[in-house]
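To start, the structure under review is shown below, and the notes come after it.
The values are calculated or read from the model by the stated rules, or taken from the named source; none is laboratory data. In this text, all values refer to a predicted model and were calculated from it rather than measured experimentally. FYI the Cβ positions are ideal-geometry reconstructions off the backbone, even for glycines, and counts take in every protein chain you see. To get the accessible areas, we keep the full protein, side chains included, count just its heavy atoms, and leave off ligands, DNA and RNA. Shrake-Rupley method; radii C 1.70, N 1.55, O 1.52, S 1.80 Å.
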Amino acid sequence: AGGPPADGADDPLAPPDASDARVLLEARGIRKSFGANEVLRGVDFSVRRGEVVTLIGPSGSGKTTVLRSLNGLETPDAGTLAFDGGPEIDFATPPSKADRLAMRDRSAMVFQQHNLFPHMTVIENVIEGPVRVQKVPRARAIAEAEALLDRVGLAEKRDAHPFELSGGQQQRVGIVRALALKPDLLLFDEPTSALDPELVGEVLHVIKELADEGWTMVVVTHELQFARQAADEVLFMDGGVIVERGAPERMFRAPREERTRRFLDRLL
Ligand code: ADP
């Protein structure tokens, strides 16, 4: 990551403030239980602007719950979040409506399954959020959506319905839909795990390009090669905590923790 600076606020292809290395997100002491199941036991990390953070770890270790806690899809039981050094959202008390809106507006999630609206065309899917939620004028939203679709090689699929697309194309539309919201932070929840193996590459390629352009992202992934190539920092989670963190080269070559080593030995 750490690509060129944004060319201007009106360029829909430009990541927001990519040249700015300030801390965008600070998460402290995030805890979450589902009933008696303590899923997150105090998770701390920060994400700087332009940085790519990947979350790896065994299934059930809490990775998705961390991601969902960042944009309000889950509400932590304890801990704090702060964006841009702004006021902390403290989960000791239920977040206010303003807090929840602030979280939602900061980030956009790309899900494991694309979650496109099946009855809408590609372009309608992409402009839905900007037009309905962000009140962007329709003509402008369409122009920006077309530029983004072109950017991921899907300009000619503008008027197709999701069922007419391959899984990889659907997921690329899912990414465009997130980009169209112009979030500060892109959240990817195992974006390729529902795809046939031959379609994984095209989606990872788009994500890697966005990373290289300087988009800030947190990526939950089983694709360690991707983590190795794209991540600035890897967080290894197990049992609801971050067991080890570091640059991918160092962590994959010389993990410091036994649990990290065992996990990587199975996958590398
Ligand atoms: P990972 O992404 O590392 O596979 P998750 O965050 O998805 O882990 O899940 C961690 C644990 O939380 C799992 O035991 C899972 O069953 C549980 N869990 C996740 N979401 C819910 C939910 N909405 N209700 C109950 N349990 C959940």
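What to note about this one:
- Residue among E190, E223 that is among the charged types (D, E, K, R), within 16 Å of the ligand (Cβ to nearest atom) and either open to solvent by less than 10 Å² (accessible area, probe 1.4 Å) or at positive phi (or both): E190
- Here E26 clears all of (1) crowded, with 17+ Cβ neighbours inside 10 Å; (2) within 15 Å of the ligand (Cβ to nearest atom) except the condition numbered (2).
- Within region 90-110, one or more residues are open to solvent by less than 70 Å² (accessible area, probe 1.4 Å), within 16 Å of the ligand (Cβ to nearest atom) and in contact with a strand residue (DSSP E or B) (Cβ under 6 Å, 6 or more places away or on another chain).
- On inspection, T80 does not qualify as of a type in the set (V, I, T), touching a His at 6+ places or on another chain (Cβ under 7 Å) and either open to solvent by less than 30 Å² (accessible area, probe 1.4 Å) or within 16 Å of the ligand (Cβ to nearest atom) (or both).
- Verdict on V241 being aliphatic (A, V, I, L, M) and either under 11 Å from V52 (Cα atoms) or open to solvent by 10 Å² or more (accessible area, probe 1.4 Å) (or both): yes
- Filtered residues of region 158-169 (kept if farther than 19 Å from F111 by Cβ and not small (G, A, S)): R158, D159, E164
- Looking across region 193-208, the residues that are farther than 24 Å from E74 by Cβ and either in contact (Cβ under 8 Å) with a residue 40 or more places away in the chain or open to solvent by 10 Å² or more (accessible area, probe 1.4 Å) (or both) come down to L195, D196, P197, E198, L199, V200, G201, E202, L204, H205, V206, K208.
- Taking region 179-255 as the region of interest, the strands (runs of 3 or more DSSP E) fully inside it that hold 3 or more residues being under 18 Å from the mean Cα position of the chain (by Cα) are 185-189, 216-220, 233-238.
A quick yes/no check of all residues on (1) over 29 Å from R28 (Cβ atoms); (2) touching a strand residue (DSSP E or B) at 6+ places or on another chain (Cβ under 7 Å):
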site	(1), (2)
L186	no, yes
G214	no, no
A231	no, yes
V243	no, yes
A254	no, no
L268	yes, no
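- Meets criteria (touching a residue at least 60 places away in the same chain (Cβ under 8 Å), farther than 24 Å from G129 by Cα, more than 16 Å from the ligand (Cβ to nearest atom) and open to solvent by less than 10 Å² (accessible area, probe 1.4 Å)) for A230: yes
- Criterion applied to S96, S69 was being out of contact with any helix residue (DSSP H, G or I) (no Cβ under 8 Å at 6 or more places or on another chain), among the polar types (S, T, N, Q) and farther than 18 Å from L40 by Cβ, and the one residue passing it is S96.
- Of all residues in region 244-262, exactly one satisfies the criterion of being open to solvent by 90 Å² or more (accessible area, probe 1.4 Å) and within 15 Å of G42 (Cα to Cα), namely R245.
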